[in-house]
Structures are given as structure tokens and as C-alpha cells.
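The numbers here are math on the coordinates, done by the rules we state, and not lab data. Quantities reported herein were computed from a predicted structural model and do not represent experimental measurements. Glycine also receives a Cβ, built like all others from the backbone with ideal geometry; neighbour counts cover every protein chain displayed.
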Ligand SMILES: Cc1cc2nc3c(=O)[nH]c(=O)nc-3n(C[C@H](O)[C@H](O)[C@H](O)COP(=O)(O)O)c2cc1C
């Protein structure tokens, strides 16, 4: 059975909700999912899974800021065991900001630098994830197809 780890950082709960939606869809596709808050996750754990999904909201005004809890984990990705791993990145944001979901772009750049393989374009959700249900489920299906 294909295993996937979903790791998320979320301040007001939107990216956490998004993670649960992705988790349920992937479970329905037959994947074995572990979904964890980034505060409970060490970069070294990534080696135990076939697929890694990283979720982070975006903060800041003038420049891209990752969700606070995600910052130390992002820093540790440089030395994480993700070379050759299948990875997807997602997050919630607000398109009225200059860098809409900039955290997704920043994490994707870090994954590429570290040798991870992006298996889908980053999922950027504008506002409430429940309003983007179709887009979210279709992204999860793309991840499942690439498993
Ligand atoms: C002070 C502040 C700065 C923000 N900066 C950005 C930003 O630069 N880009 C963006 O896409 N969203 C930005 N947002 C919107 C949040 O990312 C959005 O509310 C998101 O749903 C929060 O997700 P979370 O609950 O998972 O943390 C900002 C929100 C606030 C309050």
C-alpha cells in the first residue's frame, strides 16, 4: 500500500481543513495517510513515506512569510531525506496580497533544490477551502494518480 505523509502549518485553521479534505480523498483512493501538524513533525520522518505533501499558509505584507510553525521545518528541509521523493505542496492564502500563496512557491523551490520530485503543480486555495472543494479533490486525485 502506498503511504503518504501530510504535514501542515496553519494559524487560523484553513490549511488544516484543507489537509483533512486532501487526506479523506486520498484515503478513498486507497492510500495509507498520516496527517500531522508541523509542530509534531521532524524532517527525518519523511524517509518513512512514499509520498510527502507539505501544506503551509502565507503571511507577511511586503515579502513572503511562511506560517510561523512551518519556518523551522522549512529550514530543516535542506538536509531532509527527500532526494528522489514524490512531493506535492499546497496552502491557503488570499489573492488580494501581492504574493498569493507565496509560501507554496517558496517550499516548491526548496524541494527542487533538495532533489525532491514535484508530482503536481502547487495547490493554492484562495480563502475558505470548502469553497474550493472541486479544485481540492481534483488536486488530490492527481496526487493519487502519480502515486
Ligand atoms: C497579516 C496577514 C498577512 C497575510 N499575507 C498573505 C500573503 O502575503 N499572501 C497570501 O496569499 N495570503 C496572505 N494572508 C492570508 C492568509 O494566508 C489566509 O488567511 C490563510 O487562509 C490562512 O491560512 P491558515 O489558517 O491555514 O493559517 C495574510 C493574512 C494576514 C492576516
Completion exercise
Fewest to most Cβ atoms within 10 Å: 90, 73 sort as 73, 90
Fill in the blank from the handout: Per residue convex hull volume, Cα only, the chain, in Å³ is 92
Practice task
Multiply the residue separation of residue 112 and residue 20 by 0.36 nm, subtract the distance between their alpha-carbon atoms, and state the gained length in nm to one decimal.
Solution key: 30.6 nm
Handout entry: Label zone at residue 59, where the point sits 7 Å out along the Cα-to-Cβ direction: region 1-45 residues whose backbone N lies under 17 Å
Key = 8-17, 37-40
Practice task
Would you look at the GNM of the chain, springs on alpha carbons closer than 10 Å, and say which of 79, 14, 37 moves the most?
Solution key: 79
Practice task
Only Cα pairs under 8 Å and at least 6 apart count here; give the relative contact order of the chain as a rounded whole percent.
Solution key: 26
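How much of the DSSP bridge set in the chain is antiparallel, in percent, rounded to the nearest 5?
Percentage antiparallel, nearest 5: 10.
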Exercise for the section: Could you work out how far apart the two model spin labels at residue 134 and residue 34 are, taking each label as a point 7 Å from the Cα in the direction of the beta carbon, and quote it in nm? Expected result: 3.6
Exercise for the section: Before anything else, pin down the relative contact order of region 1-81: Cα pairs under 8 Å, at least 6 apart, normalised by residue count, whole percent. Expected result: 40
